Ligand SMILES: Nc1ncnc2c1ncn2[C@@H]1O[C@H](COP(=O)(O)OP(=O)(O)OP(=O)(O)O)[C@@H](O)[C@H]1O
């Protein structure tokens, strides 16, 4: 394999020069302005950007729900622009089926991805135990707290067959304490089962705590302002929050977002 080909094989996602506009003629608005980024196999990458910079639009383009005006999406070495089914997705609000139990929701998505019923039941049982929700296997989604719902929702995305997970502000609707607990929980589960992750978050701290790399977007039309490699070893603990380098990086990203957002709004 040539060097170029082996790099390609290790890259789960490549976003190449994506442009996306909405509206016609005078009302035409460019939201994504030629965006390129990548996620390597097993890498955890976060995207932060000003509100309205086009992060959700980018996820829709990656997931094949929106066609880009220009550019290509490659997943696991194949061009998938405009195609669905190549990624697993976790939304901000859990999208569990209300008429299915917790176990039923997970079994169903495993069955859809091709597992037979018996294997799906067994795998669901094992994982619910592993994430400490075995007591809730027969409960219905409305009986669960916001944090529990997001655990089940994350598990469902994690057990999907796709290598790439897109997490769209998964903890945005949770209170601050639950959010912190969920970040630690997600980190420990992801550590045991490394998948390629692209996370959208409004929280710089969350991005620093969870990611291998952070991509900072400009205000719309969004382009990549800068990428930061997060230097902290794993497993990471709460002690990071008082690490001077953590706070220095937080400040740098904050300043960049502030400047980038202002420039584009002028
Ligand atoms: N289907 C659409 N038709 C027209 N405009 C759209 C459409 N979808 C998104 N937009 C516009 O694109 C811009 C970016 O929206 P998007 O939701 O992608 O941003 P975002 O970064 O996810 O925002 P936030 O951080 O607030 O969630 C907004 O100005 C929005 O109004």
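Counting other beta carbons within 10 Å of each Cβ, put 94, 237 in order, fewest first. Each step should come with its number before you reach the end.
Working: 94 20, 237 11.
Ranked by crowding around the Cβ, least crowded first: 237, 94.
Is the shape of the chain rounded, prolate or oblate, going by the alpha carbon gyration tensor and its root eigenvalues a ≥ b ≥ c, with a/c under 1.5 for rounded and a/b larger than b/c for prolate?
Values: a/c = 1.61, a/b = 1.33, b/c = 1.21.
Since a/c reaches 1.5 and a/b is larger than b/c, the shape of the chain is classed as prolate.
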- Message: Modelling each spin label as a point 7 Å along the Cα-to-Cβ direction, I'd like the residue 254/residue 116 distance in nm, to one decimal.
- Response: 5.7
- Query: In what sequence do 195, 84, 151 fall when counting other Cβ within 10 Å, fewest first?
  - Reply: 84, 195, 151
- Mean Cα-pair separation over length for the chain, i.e. relative contact order, pairs under 8 Å, 6 or more apart, %: 25
- When the chain is treated as a GNM, springs tying every alpha-carbon pair under 10 Å, which of 121, 24, 78 comes out with the largest mean-square fluctuation? 24
- Message: Taking 0.36 nm per residue of sequence separation and subtracting the Cα-Cα distance, how much length would be gained by fully extending the chain between residue 125 and residue 245, in nm to one decimal?
- Response: 39.1 nm
- Query: Using 0.36 nm per residue, how much length does the chain from residue 188 to residue 234 gain when fully extended, once their Cα-Cα distance is taken away?
  - Reply: 15.6 nm
- Candidates 49, 17, 114; GNM for the chain (alpha-carbon contacts under 10 Å) flags as most fluctuating 114
- Task: Compute the relative contact order of the stretch 60-197 as a whole-number percentage, counting only Cα pairs closer than 8 Å that sit 6 or more residues apart in sequence.
- Result: 28
- Candidates 74, 99, 127: whichever shows maximal mean-square fluctuation once the chain is modelled as a Gaussian network with Cα springs under 10 Å: 99
- Item | Simple spin-label estimate for residue 139 and residue 84 in nanometres, 7 Å along Cα-Cβ | 3.1
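May I ask you to compute the full-extension gain from residue 65 to residue 10, defined as 0.36 nm times their residue separation minus their alpha-carbon distance, rounded to one decimal in nm? Working shown, then result.
Values: separation 55, 0.36 × 55 = 19.80 nm, distance 2.49 nm.
Here the answer is 17.3 nm.
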- Helix-only [θ] at 222 nm, the chain, -39500 (n - 2.57) per DSSP H run of 4+, per residue, nearest 500, equals -12000 deg cm²/dmol
- Query: If you build the Cα gyration tensor of the stretch 98-161 and take the root of 5 times each eigenvalue, what three semi-axes come out, in whole angstrom, biggest first?
  - Reply: 18, 11, 11
- Based on the Cβ-Cβ distance of residue 41 and residue 173, what FRET efficiency does E = 1/(1 + (r/R0)^6) give at R0 = 25 Å, to the nearest 0.05? 0.25
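Values in this text are rule-based calculations from the coordinates and carry no lab data. Being a predicted model, the structure only gives us computed values, none of them experimental. Cβ sites come from the backbone with ideal geometry, for glycine too, and all protein chains shown count toward neighbours.
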